[in-house]
């Protein structure tokens, strides 16, 4: 077989395994995921899974790492540095909310990793690099807003990142119980749009100087 064809076949098999693993881990978590199910979904031999990834734990780390890299890379593509500070911050809040809705597996993967006390993320240098870059990007938005007389001084970019994530993350992870407790369909399109507006207003009130 041609070497290039072999490489393409190997890359395609690896891609299918990662896609299948993402779906399986998102559905059942690391503990409940089954290697046989992943192999069947990927239409690949289980031996190939171990060949490419070593173990189920290593495969989970690869899937989790890719999930974080995907969202961090998508944030970079927003080119927030080219936007005015308030517009940049609103764009980030809006993006984060929509990303969680469109990629629910990201939330379930993060939930699973927290159950395991982030033992996989601790080993990932790539995640540390892109996370530092993201915090730096938000810090730059805040600095530009302060210089323009729009944002308050002293807002911690890490705390702000946590809050932006939390106000969307909590709503979506508790959408089933919340719909019962508050007697409204939290996933109704109108409710989702209202929540996004509330999230944006919350962050702006937190960051902006009065009357801005």
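The values are calculated or read from the model by the stated rules, or taken from the named source; none is laboratory data. Computed from a predicted model, the values in this text were never measured in an experiment. Neighbour counts are summed over all protein chains in view; Cβ atoms, including those assigned to glycine, are modelled from backbone coordinates with ideal geometry.
Structure above, values below:
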quantity: Search result, residues across region 70-91 that are within 17 Å of residue 108 (Cβ to Cβ) and either without any contact (Cβ under 8 Å) to a residue 12 or more places away in the chain or surrounded by fewer than 16 Cβ atoms within 10 Å (Cβ to Cβ) (or both); calculated: 70
quantity: Test result for residue 126, surrounded by fewer than 16 Cβ atoms within 10 Å (Cβ to Cβ) and not in a helix (DSSP H, G or I); calculated: no
quantity: Complete set of residues in region 7-43 that are surrounded by 14 or more Cβ atoms within 10 Å (Cβ to Cβ) and at positive phi; calculated: 29
quantity: Residue count, region 162-212 (criterion: in contact (Cβ under 8 Å) with a residue 12 or more places away in the chain, in contact with a helix residue (DSSP H, G or I) (Cβ under 6 Å, 6 or more places away or on another chain) and outside any helix (DSSP H, G or I)); calculated: 2
quantity: Residues of region 194-207 classified as crowded, with 17+ Cβ neighbours inside 10 Å and within 15 Å of residue 141 (Cα to Cα), total; calculated: 2
quantity: Unmet requirement for residue 49, which otherwise passes all of (1) modelled with pLDDT of 95 or more; (2) within 15 Å of residue 22 (Cα to Cα); (3) in contact with a helix residue (DSSP H, G or I) (Cβ under 9 Å, 6 or more places away or on another chain); calculated: (1)
quantity: Residue match in region 170-182 (condition: closer than 15 Å to residue 95 by Cα and out of contact with any strand residue (DSSP E or B) (no Cβ under 9 Å at 6 or more places or on another chain)); calculated: yes
quantity: For residue 119: the one exception among (1) more than 20 Å from residue 23 (Cβ to Cβ); (2) within 18 Å of the chain's Cα centre (by Cα); (3) part of a helix (DSSP H, G or I); calculated: (3)
quantity: Test: residue in region 55-76 that is in a helix (DSSP H, G or I) and closer than 30 Å to residue 210 by Cα; calculated: yes
quantity: Selection within region 52-65 - surrounded by fewer than 15 Cβ atoms within 10 Å (Cβ to Cβ) and touching a helix residue (DSSP H, G or I) at 6+ places or on another chain (Cβ under 8 Å); calculated: 57
